[in-house]
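The values are calculated or read from the model by the stated rules, or taken from the named source; none is laboratory data. Values in this document were obtained by computation on a predicted structure and should not be read as measured data. Using ideal geometry, Cβ is built from the backbone for each residue, glycine included, and neighbour counts are taken over all protein chains shown. The protein model used for the area step is the full one, side chains on, heavy atoms only, and it has no ligands, DNA or RNA in it. Shrake-Rupley method; radii C 1.70, N 1.55, O 1.52, S 1.80 Å.
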Amino acid sequence: MKNTPHILSLEFIIQTYGEDALEPEFIPSREADGEDIFIPKMRGNMSIEDWLLLPQEFRLFVTTEFILKFQ
């Protein structure tokens, strides 16, 4: 039987969302004086509704790993 990776692991993110899941996706500001942002590609590929349906602990894990990857 194949071991399923824990949801709070990079292995789970890669298996579920792809090798590039934590690559940055550029989101330009909608306002002239606003700030552009970068988000994980996996977040950009889903609606806000789908993102919010994920467990909060998982969303925090994804966000933390994304930030740490680019420090």
- [ ] Treat every Asp and Glu Cβ in the chain as -1 and every Lys and Arg Cβ as +1, leave all other atoms uncharged, and give the resulting dipole magnitude about the Cα centre to the nearest 20 debye.
- [x] 300
Open item on the list: At most 15 other C-beta atoms within 10 Å and a DSSP loop state: those are the exposed trypsin sites (Lys or Arg not before Pro) I care about. Give me the longest piece of the chain that has none.
Closed with: 31-71
Task: Helical contribution to [θ] at 222 nm, DSSP H n ≥ 4, -39,500 (n - 2.57), averaged over the chain, rounded to 500 - done: -12000 deg cm²/dmol
Task: Carbon + sulfur, % of accessible area of the chain - ligands and nucleic acids excluded, 1.4 Å - done: 55
Task: Which of Ile27, Gly44, Gln56, positive extreme of dipole for the range 13-71 (C-beta unit charges) - done: Gln56
- [ ] Determine the per residue accessible area of the chain with all protein chains present and a 1.4 angstrom probe, expressed in square angstrom.
- [x] 77
Open item on the list: Rounding to the nearest 10 and keeping the result within 0 to 90°, find how far the Cα-based axis of helix 56-69 lies from the longest principal axis of the chain.
Closed with: 70
Task: Taking N as its residue count, the alpha carbon Rg of the range 14-71 over 2.2 N^0.38 Å - done: 1.18
Open item on the list: Just to confirm the filter: which GluC sites (Glu not before Pro) across the chain are DSSP coil and have at most 14 other Cβ within 10 angstrom of their Cβ?
Closed with: Glu19, Glu31, Glu35
Open item on the list: What are the ³J(HN,Hα) couplings of the range 35-44, residue after residue, when phi is run through the Karplus curve with 6.51, -1.76, 1.60 and θ = phi - 60°? Round to Hz, x for glycine and proline.
Closed with: 9, 6, 9, 10, 10, x, 4, 4, 6, x
